[in-house]
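Worksheet: one structure, shown below.
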Amino acid sequence: PGLSDKVLGERLRKLERYGVLEREAFAEVPPRVEYTLTDQGRELAELVRKVAAFADRWAHDPGS
């Protein structure tokens, strides 16, 4: 929500350049594009999940 098509496209292209995503375009009307995670992308996703779990486990109220 709140992300423009332009910004979304830029971010997807950047992730593709970094080797995180693969893009497959289909010659259909209307045109269709699918993105999938590469092996590198799946490994990165696992690391992000672990960091999120760590943050959840160790998060505390800054006022305490």
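No value in this document is a laboratory result; all are computed from the given coordinates. On a predicted model such as this, the values are computed, not experimentally measured, just so you know. In this analysis, Cβ positions are derived from the backbone assuming ideal geometry, glycine residues included, and neighbour counts consider all displayed protein chains.
Compared with the dominant Cα axis of the chain, that is its longest principal axis, helix 39-58 is turned about 30°.
Of the chymotrypsin sites (Phe, Trp or Tyr not before Pro) found in region 12-64, the ones in coil according to DSSP and having at most 12 other Cβ atoms within 10 Å of their Cβ are Tyr18.
Taking 30 Å as R0, compute the FRET efficiency from the Cβ-Cβ separation of Asp5 and His60 and round it to 0.05. Using R0 = 30 Å, I get an efficiency of 0.20. Only Cα pairs under 8 Å and 6+ residues apart enter the sum, and on that basis the relative contact order of the chain stands at 21 percent. The GluC sites (Glu not before Pro) of region 1-48 that meet both conditions, a loop assignment by DSSP and at most 12 other Cβ atoms within 10 Å of the site Cβ, are Glu28. When log10 I(q)/I(0) by the Debye sum over Cα atoms at q = 0.15, 0.30 Å⁻¹ is computed from the coordinates, the matching label among (i) -0.68, -1.15; (ii) -0.47, -1.28; (iii) -0.54, -1.28 is (i). Between the Cα long axis of helix 5-17 and the first principal axis of the chain there is an angle of about 90°, rounded to the nearest 10.
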